[in-house]
Amino acid sequence: MNDAVGTLNLTIRDVVREDEAVVRELLIAAFPSDIEARLVHKLRHCGALVLEQVAVQETGDVVGHVAYSRVTPAAIGSGQGLQVCCLAPVSVRPENQHTGVGSALITASLQTLKNLGEDLVLVLGPPTYYPRFGFDPVLARKVQAPYAGDAFMALALTAAGTDDLPIEVAFATPFEEFE
Ligand SMILES: CC(C)(COP(=O)(O)OP(=O)(O)OC[C@H]1O[C@@H](n2cnc3c(N)ncnc32)[C@H](O)[C@@H]1OP(=O)(O)O)[C@@H](O)C(=O)NCCC(=O)NCCS
């Protein structure tokens, strides 16, 4: 899905193969090490990605990236039919940070996930950043996962995403090194 974002003159669109090298370079620039770049590579190649999008300027420059990967509910309880994914990582090119790119990218990609029928999105990150998109640490307490605490947050995109909790979930294998 293509999504042109108003005053920032950004287009939010799915990643294509030709973006992969520039996305890797963006990830390495945005994070202190290449851990996130390697994580995205592994998630892509194990087929775990639900959605991967970039924010592209009018010039064609890729300035932001976000990935969502499949999270598997345990095969017990009413939540076993939920479509659950996790947001990780999200990054904006250092020189473009604090200009609204990250917010535009996350807002547009969450709408795409809703259109795709995802019920619940999980994230592990700064509790000062993600609540502005509706992520809630209290809702995440109903999700039993290898992560806990206020940095672990959840956002329901459907009624079932709230109603069918609690659930126990497993993250895609490449996350094991972060547990
Ligand atoms: C986090 C990130 C994706 C946000 O994107 P962005 O385009 O800079 O964010 P926006 O312009 O939409 O929003 C800016 C606001 O986000 C908040 N914010 C940005 N980075 C933050 C962080 N690491 N922790 C907490 N809040 C943060 C601030 O409140 C900021 O407001 P300010 O400009 O008044 O300081 C971007 O800063 C980034 O790539 N950081 C490095 C990689 C990273 O830490 N990714 C997140 C991993 S969970």
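The values are calculated or read from the model by the stated rules, or taken from the named source; none is laboratory data. Since the model is a prediction, treat every value here as computed from it, not as a measurement. No Cβ is skipped: glycine too gets one built from the backbone with ideal geometry, and neighbour counts run over all protein chains shown. Ligands, DNA and RNA are stripped out before the accessible areas are found, and what is left, the full protein with its side chains, is counted by its heavy atoms. Shrake-Rupley method; radii C 1.70, N 1.55, O 1.52, S 1.80 Å.
Condition (residue is buried (at least 18 other Cβ atoms within 10 Å of the Cβ), more than 8 Å from the ligand (Cβ to nearest atom), under 26 Å from LEU139 (Cα atoms) and within 14 Å of the chain's Cα centre (by Cα)) applied to region 13-33: is it met by at least one residue? Scanning region 13-33 turns up no residue that is buried (at least 18 other Cβ atoms within 10 Å of the Cβ), more than 8 Å from the ligand (Cβ to nearest atom), under 26 Å from LEU139 (Cα atoms) and within 14 Å of the chain's Cα centre (by Cα).
Where strands (runs of 3 or more DSSP E) fall wholly inside region 91-172, the ranges with 3 or more residues that are within 16 Å of the ligand (Cβ to nearest atom) are 120-124, 152-156.
On inspection, LEU49 qualifies as modelled with pLDDT of 95 or more and of a type in the set (A, V, I, L, M, F, W, C).
Pairs linking a residue in region 126-148 that is closer than 14 Å to ILE106 by Cα to a residue that is open to solvent by 60 Å² or more (accessible area, probe 1.4 Å), with Cβ atoms under 8 Å and 6 or more positions apart or on different chains, are PHE133/THR107.
Tell me the residue from ALA172, ALA160 that is in contact (Cβ under 8 Å) with a residue 12 or more places away in the chain, open to solvent by less than 30 Å² (accessible area, probe 1.4 Å) and touching a Ser or Thr at 6+ places or on another chain (Cβ under 9 Å), please. Within the list ALA172, ALA160, the selection yields ALA172. Is it the case that region 25-38 has a residue that's of a type outside the set (Ser, Thr, Tyr) and either modelled with pLDDT under 95 or touching a Phe, Trp or Tyr at 6+ places or on another chain (Cβ under 9 Å) (or both)? Looking through region 25-38, at least one residue is of a type outside the set (Ser, Thr, Tyr) and either modelled with pLDDT under 95 or touching a Phe, Trp or Tyr at 6+ places or on another chain (Cβ under 9 Å) (or both). Among the residues of region 60-80, write down those that are open to solvent by 10 Å² or more (accessible area, probe 1.4 Å) and within 16 Å of the chain's Cα centre (by Cα). Within region 60-80, ARG70, THR72 qualify. Within region 1-16, can you find the residues that are under 23 Å from ARG70 (Cβ atoms) and either part of a strand (DSSP E or B) or modelled with pLDDT of 95 or more (or both)? Answer for region 1-16, where residues must be under 23 Å from ARG70 (Cβ atoms) and either part of a strand (DSSP E or B) or modelled with pLDDT of 95 or more (or both): ASP3, ILE12, ARG13, ASP14, VAL15, VAL16. Within region 74-90, the residues that satisfy the criterion of being among the aliphatic types (A, V, I, L, M) and either away from the ligand (no atom under 11 Å from the Cβ) or not in a strand (DSSP E or B) (or both) are ALA74, ALA75, ILE76, LEU82, VAL84. Looking across region 95-149 at every residue that is surrounded by 21 or more Cβ atoms within 10 Å (Cβ to Cβ) and among the acidic types (Asp, Glu), the one that is farthest from LEU49 (Cα to Cα) is identified as ASP119.
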